[in-house]
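See structure below.
The values are calculated or read from the model by the stated rules, or taken from the named source; none is laboratory data. Keep in mind that what you see is a predicted model, and the values were worked out from it rather than measured. Cβ placement follows ideal geometry from the backbone for every residue including glycine, while neighbour counts extend to all protein chains displayed.
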Amino acid sequence: MIKRLLQLIVFISLLLGISGIILGLSFVQFLHTPLTVTENGTVFIIAPRTSQQRIATQLKEANILQHPIWFLFCIAFEGAWNKLKAGEYLIEPGSLPAELVQKLQDGKVIQHAFTIVPGWTFTQLRQEMNQSPFLQHTLMDATDADIMIKLGQPGVHPEGQFLPETYYFPLGTTDIAFLQRANHQLQEKLTALWQAPRTLDAFPLKSPYEALILASIIEKETAVSTEYMDIAGVYIRRLLKDMPLQADPTVIYGVGKNYVGRLTASMLLEPNPYNTYQKLGLPPTPIALPSQKALEAALHPRPGDTLYFVANPAGNGHVFSKTLDEHNKAVAEYRKAQAGLN
């Protein structure tokens, strides 16, 4: 009887040992088998507060892996239990289970891009943000004033307050968080540039905000960034001489929706705070979102004695003039060229 019992124990032990070896080999094979994804990789989203077991099940349902139980063992084996982070992940071709666990533990989510284009108005920025499928939209019904309150800047005009550049963020980032980041970038750059030494002895701008206003005009005046400092120089000298800026972009901003592609004489005569043909000095607010290069130009204008500029008839940039006579000749050449095109 005892002999048979010992034989049974030995048999069971061998059976368990063999089963353990088989299971161990199966687990090792699982660890070394790449996950099943598409040629360009598969996007996998983990919702907040999703359990480890549910993550494994979802991976199975998406046909990314065949053995969710082994994935749970892999999580435990990697010391990542209850450490996987929610988010949107790209599982690249050739990824192994342990590599996926590490990615989920590190929270290496997909980063989406959104570019704020220099020269956009705040209205344009809001329109583009509202069309982004990657941002969480919380401001659809908010007014501009509401947004600035949410940003902790009540009463501040939003125009010009967000730095144009390409920003990267994970899926589900709120639109207000995105704006807060772009606003912080603008304030940081503007403060640093304002505090840096300047080369001009006579400088009419009295605050960083005035520099922001001038930079926005420069941004709208030309698409040729090498001209920024030249245009800044013209406007700085006009301000020093108490000459009106006569900046077409400010007039266009002031007339708003009434502008349909060309400035008219009546628009230039229309009295409003943004009509720099009728009003001395800067307009009350920026007219667009200026780039860092435009900000730099506003604070470091090119020295010289030019006071006028008009579009180059050749279509590349502007012609700068020192005197009104020179300017009038340049304007005549421009109009002649335009007439030839019509």
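Tell me, yes or no, whether segment 187-204 has at least one residue that is under 30 Å from Ala47 (Cα atoms), within 17 Å of the chain's Cα centre (by Cα) and not assigned by TED's automatic domain parsing to the domain that holds Ile45.
No, every residue in segment 187-204 fails to be under 30 Å from Ala47 (Cα atoms), within 17 Å of the chain's Cα centre (by Cα) and not assigned by TED's automatic domain parsing to the domain that holds Ile45.
Pick out the one residue from Tyr228, Tyr235, Tyr259, Tyr277 that is over 24 Å from Gly315 (Cα atoms) and in contact with a helix residue (DSSP H, G or I) (Cβ under 7 Å, 6 or more places away or on another chain).
Only one candidate passes the filter, namely Tyr277.
Do you know which residues across segment 96-113 are surrounded by fewer than 18 Cβ atoms within 10 Å (Cβ to Cβ) and touching a residue at least 24 places away in the same chain (Cβ under 8 Å)?
Leu96, Ala98, Gln102, Gln105, Ile110, Gln111, His112, Ala113
Answer yes or no as to whether Ala98 is modelled with pLDDT under 95 and out of contact with any Gly (no Cβ under 7 Å at 6 or more places or on another chain).
Considered against the rule, which asks whether it is modelled with pLDDT under 95 and out of contact with any Gly (no Cβ under 7 Å at 6 or more places or on another chain), Ala98 comes out as yes.
Return yes or no: is Gln131 over 22 Å from Ile217 (Cα atoms) and assigned by TED's automatic domain parsing to the domain that holds Leu90?
Here the answer is no, as Gln131 does not meet what is asked.
Return a yes/no flag: does segment 32-52 have any residue that is farther than 26 Å from Phe169 by Cβ and at pLDDT below 90.
Yes, some residue in segment 32-52 is farther than 26 Å from Phe169 by Cβ and at pLDDT below 90.
Quick test for you: out of Pro68, Pro118, pick the one residue that is in contact with a Lys or Arg (Cβ under 9 Å, 6 or more places away or on another chain) and in the same structural domain as Arg181 (by TED's automatic domain parsing).
Checking each option against the conditions leaves just Pro118.
Could you say whether any residue in segment 146-165 is part of a strand (DSSP E or B), at pLDDT 95 or above and either among the acidic types (Asp, Glu) or over 25 Å from Tyr308 (Cα atoms) (or both)?
No, because not a single residue in segment 146-165 is part of a strand (DSSP E or B), at pLDDT 95 or above and either among the acidic types (Asp, Glu) or over 25 Å from Tyr308 (Cα atoms) (or both).
Give segment 271-305 a look and list any residue that's under 20 Å from Asp201 (Cα atoms) and either surrounded by fewer than 17 Cβ atoms within 10 Å (Cβ to Cβ) or charged (D, E, K, R) (or both), or say none.
Matches in segment 271-305: Gly281, Glu296, Arg302, Pro303, Gly304, Asp305.
What are the pairs with Cβ atoms under 8 angstrom where one residue, in segment 261-284, is closer than 17 Å to Tyr235 by Cα and aromatic (Phe, Trp, Tyr) and the other, located anywhere, is at pLDDT 90 or above and not in a helix (DSSP H, G or I)? Sequence gap at least six, or different chains.
Taking only residues 6 or more apart or on different chains, the pairs are Tyr274/Pro283; Tyr274/Pro284; Tyr274/Ile287; Tyr277/Pro244; Tyr277/Gln246.
Can you tell me which residues in segment 114-149 are buried (at least 17 other Cβ atoms within 10 Å of the Cβ) and in contact (Cβ under 8 Å) with a residue 24 or more places away in the chain?
Selection gives Phe114, Ile116, Pro118, Gly119, Trp120, Thr121, Phe122, Leu125, Met129, Leu135, Leu139, Ile147.
Across segment 37-75, what is the total count of residues that are in contact with a Ser or Thr (Cβ under 8 Å, 6 or more places away or on another chain), closer than 23 Å to Gly107 by Cβ and part of a loop (DSSP other than H, G, I, E, B)?
4
Out of (1) touching a residue at least 12 places away in the same chain (Cβ under 8 Å); (2) buried (at least 16 other Cβ atoms within 10 Å of the Cβ); (3) over 30 Å from Ala47 (Cα atoms); (4) not acidic (Asp, Glu), the odd one out for Thr173 is which?
Unmet condition: (3).
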